[in-house]
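Heads up: the structure comes next, in structure tokens.
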Amino acid sequence: MGTASSLVIPGGDVIDDGYGGEGGEACEIPVEVKPKARLLRSSFRRGPRVIGASFKSTGSVDLEYAAEYERLRKEYEIFRVSKNNEITSMRKKEAKLDDENKRLRAELQALQKTYQKILREKEAALEAKYQAMERAATFEHDRDKALWSNTVRCYLITTRDTKAELEIFLKKHSSALRQMCEGLGHFYMNVYFPEETAALYATERKQEIERSSVCVLLLRSTVSSSVLEDCEEAFVKNPDGHPLLKKVIKQDLLGFEEGAVDSKDSAIDEGCEEDSGDVLWDLHDEQEQIESYQQACSSRISQLGFQKYIDHLNDMIAAPLPTPPLLVSGGPGSGKSLLLSKWIELQQKQSPNTLFLYHFVGRPLSTSSEPVLIIKRLTVKLLQHFWSISGLSMDPSKILEEFPRWLERLSARHQGNIIIIIDSIDQIHQGERHMKWLIDPLPVNVRVVVSVNVETCPEAWRLWPTLHLDPLSPREVRSVVSAEVQGTDLKLNKDQEKKLERHCRSASTCNTLYVTLLARVITSGMTGWSLEKSLDQCLLCHDTMSLYCLALNMTLKSLSTDAARHTMKEMLCLVLSSHNGMSESEILDLFPELEVPVLSFLLHHLNRLCVTTLRCGLLTFQHQQACEAVRLEFLGGRISSAPHREKLIHYFNQQLSQDHVTWRVADELPWLLQQQEDRTKLQLCLLNLFVSQNLYKRGHFSELLAYWQYVGKDKSSMAAEYFDSLKSYEKRCESEDDMTKLANLYETLGRFLKDLGLPSQAVAPIQRSLEIRETALDPDHPSVARSLHQLAGVYVQWKKYGNAEQLYKQALEISENAYGAEHPSVAQELDSLAVLYQKQNKYDQAEKLKKRSVKIRQKTARQKGHMYGFSLLRRRALQLEELTLERDSADCAKTLNELGVLYYLQNNLDAAKVLLTRSLEMRQRVLGQDHPDCAQSLNNLAALHSERREYETAEEMYERALEIRRRALSPDHPSLAEKSFGPKHPSVATALVNLAVIYCQLKKHSEALPLYERALKIYENSLGRSHPRVGETLKNLAVLSYERGDFERAAELYKRAMEIKEAEPSLACGEPSVTTTSRSDSSKGRTSETQHFKGSILSVTRTLVKPGHKCCT
């Protein structure tokens, strides 16, 4: 048998094959198989084949290959599955990451939207804050205005010796003063009481002095007791109450701040303010509303039992939507106007973000009851609070139709509530038809409160939530009577009080007006009756009308002559027959025999008896029942009197014939002619160009249109009539002043025709106005810009946008050159151009212009509201302190200092210097020259002088302030920064830099250098070497080194400063900048760097980085 083939193992042992021979030795197969390569090599090594070898030598190779293949296949399958699992897992992770990325992106977008929303809310809140401050300042200013502000009253104090001087004043100066005041839209009146009868009018004299704008004393040798009393009242008790007439007209009447405008520019600003916008505004109507509100607030019974009603109104404001208008109802004279006025006053104080739009309707047929003018006024007031009044139509039907849309649009921009209050809405002519917007759902933050007479309330409005004013209780009746009796010497006994209470229990005798009037009639004492007789006479009157008749008859009996009684009747009948009332000067013109003391006596007692009052300088009735009583008592119940209207027409026609067209002529004459149904004279009146111009420019477009419709003329006929009238007037124009008036008339006609919807006919008059102004004035005059603006508006209405765009751009350029880039007139032109671009779908350009306009208006509002509000409060605080404390006091000095700082922040350095100097002088007088507060004033004055580049004065004051603090304060006092914070505190470094800047300005470089170096060391140790303050100090040191001639050090310091400046953005992101330049590299190029930075140093040699000299408050 042949020997078996053997497998050689590494250890040298030979394993015999047990399958080869019969008696072969059996061997165990090892568990651990050796490497395959060796097995294969041993199986296929070269050499002669041995005959008779075992089958393992050939067959085992195939078996091992199969096993190996199977194993590899399984391993591959496992690998493939694991990799597939990994891929699946990776895909899941990728999907998860995508989802997470999407979520984060969504969160980022949401955060960005939230940030933008918060930013917008912040800006809106800031805007609302400035608006609220502006409204509060305006409200404060309006509330403190005298109720007689539209009449300039000159009170003349004379004696028997100065009658000649009085006559000279009345003949020579009075007419000029009256013409000047009427040109400004105000009345003028001389008030004087003859010495012979002055003692009979003590009360009237005191009241007239309080109401007067200026007092004039004419005196020689003799002085009577009445003159002494008047002088004491006018010049001793109230020495600052009667400033010069010019100041009164500019400041008190026109609302200008003293020194706010230059006299040189006042004419331009006045003209710009008059016609700057597309919406025309009547200041007299607005003043009438303000005074109506003020008179109601000043009533002594305005708080009578109103708290429960005020709580109800507050609940209505907080009620959830939908909230229909709240109806405040009650009988005539129940106190509805008093309640609403008191509620507005309280809400203005408690909710400064709430916007109140109120309107008090007067007697029927007056301007205040005209529905179109009411809605237009409310719309303009609403738009004014959002800095834009463009886009408002003058068409009466469109004004009524567009008001709800304006309300919805602008309420969405307002952060607080908008509350609209209309008092006596049922007195509006066809109110139910014109106030349909009240029925529609209101915006979310809008509430409406209206008051009505319970007897005349329309049926559709009775379904609204109603707050009904109950009759007065016996306790409230006693309270009203006590309030009226309190200021007199009279006192009711218990029997009289009980009799009065029993009488005031019916529905017609327990309202506020009846009880007030009854108490005033009892206490008037005009007829000489006893208290018991006066009470018995009043108790015979069982309603307000009869009580008014009694009051009128008692006033007539108190007059001494029949002529005076006749004058009183005629005067009240003229007031009743007029459109809006009569002024005192007009009454004196109509009744030359009427003396001023008698008129003053009459008006005083009629006002006391709730019959008449003065609003916007016009005598009118306090209540509708007083008007009805005059009609019943003096006209026999007739609605009107034709003779009285004819008398008024004759009076106003005289003024018209003198080419003297005031707002009173335009208000009264056309209305009177319409009431007399004289169409021919009405047409002639309307063709007086100045009458129509006056009506149109004050916003009475609907009234002017109604007059023409009454005459029977259509739009084209109106245009032709006006053109003919203008052509004839142009032929008479010769002087430059006449040409200016002609240009204004042409512009007014063009605007009127544009508002009528006749743009093709409106172009010619406006172009003619433009030609006249360019010839008579200057091509770059602001009036030319106004004509360009109006002509562009016509082209926009005509849809000729290309022409309009060029005209708007020209107007914008002229306004920027005339007023500066941040004037409201520029904002108006930007708004108009933005609206034009929106019409052309150029939204990007429109957005840019709109943003610029908003910035200008915001800045204007900040200047007018923010600083004005603070300055106003400080001025009022100073006035109160000077009244309550001594004139020289530490508190007054502190307030002067704070007010000076406010003016300093407004860059009004002249006013700031006056106040800060007053504060320093007062502190030196009261506290002593070495008091620390004096150091504070010195420091503030030094900052002011530094701002004005008066460095030597600033240095002296800084040193004086420092010396005072070193002597007066303890070592640990907070005012000594170094000793309070330590020598290494940044505040010390800031003080050192401030002083170093002053030294540099004074060329004391050697003294400034150690201060800068010390400050730099403190900044580096406390704030770090990369802080911006370090960079600023390095830059200052670089400039200083350059000035000293050390250019290499200057370049090195400047380079460090620029590296810090460039690293500021990365520092903000949390990645500090690292400088990798080696010392050898930097030293190698130092010479070239010196040359490189020398040019940079030159550019900033004269510009030190000023840390800012702050005022201390």
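The values are calculated or read from the model by the stated rules, or taken from the named source; none is laboratory data. Everything numeric in this text was worked out from a predicted model, so none of it was measured. Positions of Cβ are backbone-derived with ideal geometry, glycine not excepted, and every protein chain shown enters the neighbour counts. Heads up: the accessible areas ignore ligands, DNA and RNA and are worked out on the full protein's heavy atoms, side chains in. Shrake-Rupley method; radii C 1.70, N 1.55, O 1.52, S 1.80 Å.
Residues are listed down the side, and each one gets a yes or a no for (1) within 30 Å of LYS894 (Cβ to Cβ); (2) within 42 Å of the chain's Cα centre (by Cα); (3) at pLDDT 80 or above:
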position	(1), (2), (3)
HIS931	yes, yes, yes
ARG965	yes, no, no
LEU995	yes, yes, no
LYS1003	no, no, no
LYS1035	no, no, yes
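Does LEU531 satisfy the criteria of being surrounded by fewer than 18 Cβ atoms within 10 Å (Cβ to Cβ) and over 30 Å from ALA666 (Cβ atoms)? Steps first, please.
Working: surrounded by fewer than 18 Cβ atoms within 10 Å (Cβ to Cβ): yes; over 30 Å from ALA666 (Cβ atoms): yes.
When the stated conditions are applied, LEU531 passes them.
Of the conditions (1) closer than 30 Å to LEU689 by Cα; (2) of a type outside the set (A, V, I, L, M, F, W, C); (3) touching a Leu at 6+ places or on another chain (Cβ under 6 Å), GLU771 clears all except one; give me its number.
(3)
Quick check on my filter: what residues within the stretch 520-540 are of a type outside the set (Ser, Thr, Tyr), part of a helix (DSSP H, G or I) and touching a residue at least 24 places away in the same chain (Cβ under 8 Å)? It would help to see each step written out before you state the result.
Initial filter on the stretch 520-540 (of a type outside the set (Ser, Thr, Tyr)): 520-522, 525-526, 528-529, 531-533, 535-540.
Among the residues that remain, those that are also part of a helix (DSSP H, G or I) are: 520-522, 531-533, 535-539.
Listed by number, the residues that qualify are ARG520, VAL521, ILE522, LEU531, GLU532, LEU535, LEU539.
Which members of the stretch 433-452 meet the condition of being open to solvent by less than 70 Å² (accessible area, probe 1.4 Å) and out of contact with any Pro (no Cβ under 6 Å at 6 or more places or on another chain)? Before the answer, list the steps.
Restricting attention to the stretch 433-452, the residues satisfying the condition of being open to solvent by less than 70 Å² (accessible area, probe 1.4 Å) are 434-435, 437-438, 442-443, 445-452.
Of everything in the stretch 433-452, those that are open to solvent by less than 70 Å² (accessible area, probe 1.4 Å) and out of contact with any Pro (no Cβ under 6 Å at 6 or more places or on another chain) turn out to be MET435, LEU442, PRO443, ASN445, VAL446, ARG447, VAL449, SER451, VAL452.
What do you reckon, is LEU902 under 33 Å from the mean Cα position of the chain (by Cα), crowded, with 18+ Cβ neighbours inside 10 Å and more than 16 Å from TYR999 (Cα to Cα)? Reasoning before the result, please.
Numbers: under 33 Å from the mean Cα position of the chain (by Cα): yes; crowded, with 18+ Cβ neighbours inside 10 Å: yes; more than 16 Å from TYR999 (Cα to Cα): yes.
Yes, satisfied.
At pLDDT below 85 and hydrophobic (A, V, I, L, M, F, W, C): does that describe ALA1063? Please lay out each step first, then the result.
Numbers: at pLDDT below 85: yes; hydrophobic (A, V, I, L, M, F, W, C): yes.
Here the answer is yes, as ALA1063 does meet what is asked.
Can you name every one of the helices (runs of 4 or more DSSP H) wholly within the stretch 591-670 that holds 2 or more residues which are touching a residue at least 24 places away in the same chain (Cβ under 8 Å) and either aromatic (Phe, Trp, Tyr) or assigned by the TED database to the domain that holds GLU703 (or both)?
642-657
Check PHE1047 against each of (1) farther than 19 Å from TYR951 by Cα; (2) among the hydrophobic types (A, V, I, L, M, F, W, C); (3) touching a Leu at 6+ places or on another chain (Cβ under 7 Å) and name the one condition it does not meet.
Checking PHE1047 against (1) farther than 19 Å from TYR951 by Cα; (2) among the hydrophobic types (A, V, I, L, M, F, W, C); (3) touching a Leu at 6+ places or on another chain (Cβ under 7 Å), the one that fails is (3).
Under the condition of being open to solvent by less than 20 Å² (accessible area, probe 1.4 Å), of a type outside the set (S, T, N, Q) and modelled with pLDDT of 80 or more, which residue from the stretch 378-404 is nearest to PHE701 (Cα to Cα)?
Among those that are open to solvent by less than 20 Å² (accessible area, probe 1.4 Å), of a type outside the set (S, T, N, Q) and modelled with pLDDT of 80 or more, it is ILE399.
Quick check on the stretch 159-174: of everything there that is touching a residue at least 24 places away in the same chain (Cβ under 8 Å) and hydrophobic (A, V, I, L, M, F, W, C), which residue is most open to solvent (accessible area, probe 1.4 Å)?
Within the stretch 159-174, the subset touching a residue at least 24 places away in the same chain (Cβ under 8 Å) is 159-162, 165-166, 169.
So of that shortlist, the ones also hydrophobic (A, V, I, L, M, F, W, C) come out as 166, 169.
Values: LEU166: 16, PHE169: 35 Å².
Selected residue: PHE169.
Would you confirm whether or not the stretch 502-510 contains a residue that is touching a Cys at 6+ places or on another chain (Cβ under 8 Å) and not basic (Lys, Arg)?
If we filter the stretch 502-510 for residues that are touching a Cys at 6+ places or on another chain (Cβ under 8 Å), which is where we start, we get 504, 510.
Those still in the list that are not basic (Lys, Arg) too: 504, 510.
The answer is yes, given that some residue of the stretch 502-510 is touching a Cys at 6+ places or on another chain (Cβ under 8 Å) and not basic (Lys, Arg).
Looking at the stretch 454-475, I want the residues that are among the acidic types (Asp, Glu) and have a partner that is part of a loop (DSSP other than H, G, I, E, B) with Cβ atoms under 8 Å, at least 6 apart or on another chain. Which pairs are those?
From the stretch 454-475, the pairs are GLU455/GLY331; GLU455/PRO332.
Evaluate the following for LYS839: is it over 23 Å from SER760 (Cα atoms) and not aliphatic (A, V, I, L, M)?
In short, no.
Tell me, which helices (runs of 4 or more DSSP H) lie completely within the stretch 750-864 with 2 or more residues that are touching a residue at least 40 places away in the same chain (Cβ under 8 Å), under 18 Å from SER393 (Cβ atoms) and outside the structural domain of MET394 (by the TED database)?
On the way: elements: 759-776, 782-797, 801-819, 824-839, 843-861.
Ranges flagged: 782-797, 824-839.
Return the total of residues in the stretch 1036-1049 being open to solvent by 10 Å² or more (accessible area, probe 1.4 Å) and either closer than 12 Å to CYS1000 by Cβ or of a type in the set (S, T, N, Q) (or both).
As a first pass, look at the stretch 1036-1049 and keep what is open to solvent by 10 Å² or more (accessible area, probe 1.4 Å): 1042-1049.
Now narrow it down to the ones that are either closer than 12 Å to CYS1000 by Cβ or of a type in the set (S, T, N, Q) (or both): 1042-1044.
Final tally of qualifying residues: 3.
How many residues does the stretch 906-930 contain that are within 22 Å of ILE964 (Cα to Cα), open to solvent by 60 Å² or more (accessible area, probe 1.4 Å) and in a loop (DSSP other than H, G, I, E, B)?
Looking only at that region, the number is 2.
Among the residues of the stretch 889-897, are any open to solvent by 50 Å² or more (accessible area, probe 1.4 Å) and either at pLDDT below 85 or under 22 Å from ALA811 (Cβ atoms) (or both)? Please lay out each step first, then the result.
So in the stretch 889-897, the residues open to solvent by 50 Å² or more (accessible area, probe 1.4 Å) come out as 891, 894.
Pick out the ones that are also either at pLDDT below 85 or under 22 Å from ALA811 (Cβ atoms) (or both) and you get 891, 894.
Within the stretch 889-897, one or more residues are open to solvent by 50 Å² or more (accessible area, probe 1.4 Å) and either at pLDDT below 85 or under 22 Å from ALA811 (Cβ atoms) (or both).
What pairs come out if I take residues in the stretch 1002-1023 that are in the same structural domain as TYR1042 (by the TED database) and open to solvent by 30 Å² or more (accessible area, probe 1.4 Å) and pair them with residues that are at pLDDT below 85 and in a loop (DSSP other than H, G, I, E, B) whose C-beta lies under 7 Å away, six or more apart or interchain?
HIS1005/ARG1044; ASN1021/LYS984; SER1022/LYS984; SER1022/HIS985
Quick check, is GLU100 in a helix (DSSP H, G or I) and modelled with pLDDT of 75 or more?
Details: in a helix (DSSP H, G or I): yes; modelled with pLDDT of 75 or more: yes.
Against the criterion (in a helix (DSSP H, G or I) and modelled with pLDDT of 75 or more), GLU100 qualifies.
So ALA319 clears everything in (1) open to solvent by less than 50 Å² (accessible area, probe 1.4 Å); (2) under 22 Å from ILE425 (Cα atoms); (3) not aromatic (Phe, Trp, Tyr) except one condition, right? Which one?
Unmet condition: (2).
Restricting to the stretch 706-720, what's the tally of residues that are modelled with pLDDT of 90 or more and open to solvent by less than 30 Å² (accessible area, probe 1.4 Å)?
Residues in the stretch 706-720 being modelled with pLDDT of 90 or more and open to solvent by less than 30 Å² (accessible area, probe 1.4 Å): 3 in total.
Mind checking which residues of the stretch 502-519 are open to solvent by less than 40 Å² (accessible area, probe 1.4 Å), in a helix (DSSP H, G or I) and not hydrophobic (A, V, I, L, M, F, W, C)? Even if it seems obvious, please write down each step before you answer.
Here is the first cut: in the stretch 502-519, the ones open to solvent by less than 40 Å² (accessible area, probe 1.4 Å) are 503-504, 509-519.
Those left that are additionally in a helix (DSSP H, G or I): 503, 512-519.
If the condition is that a residue be open to solvent by less than 40 Å² (accessible area, probe 1.4 Å), in a helix (DSSP H, G or I) and not hydrophobic (A, V, I, L, M, F, W, C), then HIS503, THR512, TYR514, THR516 are the ones that fit.
Considering only residues of the stretch 694-705 that are touching a residue at least 60 places away in the same chain (Cβ under 8 Å) and assigned to a helix (DSSP H, G or I), which is farthest from the chain's Cα centre (by Cα)? Explain how you work it out, then say what you get.
Filtering the stretch 694-705 down to residues touching a residue at least 60 places away in the same chain (Cβ under 8 Å) leaves 696-703, 705.
Among the residues that remain, those that are also assigned to a helix (DSSP H, G or I) are: 696-697, 701-703, 705.
Numbers: TYR696: 26, LYS697: 24, PHE701: 27, SER702: 28, GLU703: 30, LEU705: 33 Å.
Out of the qualifying residues, it is LEU705.
Identify the single condition in (1) among the aliphatic types (A, V, I, L, M); (2) out of contact with any helix residue (DSSP H, G or I) (no Cβ under 7 Å at 6 or more places or on another chain); (3) assigned by the TED database to the domain that holds LEU1002; (4) at pLDDT below 80 that LEU885 does not satisfy, given that it satisfies every other one.
Failed condition: (2).
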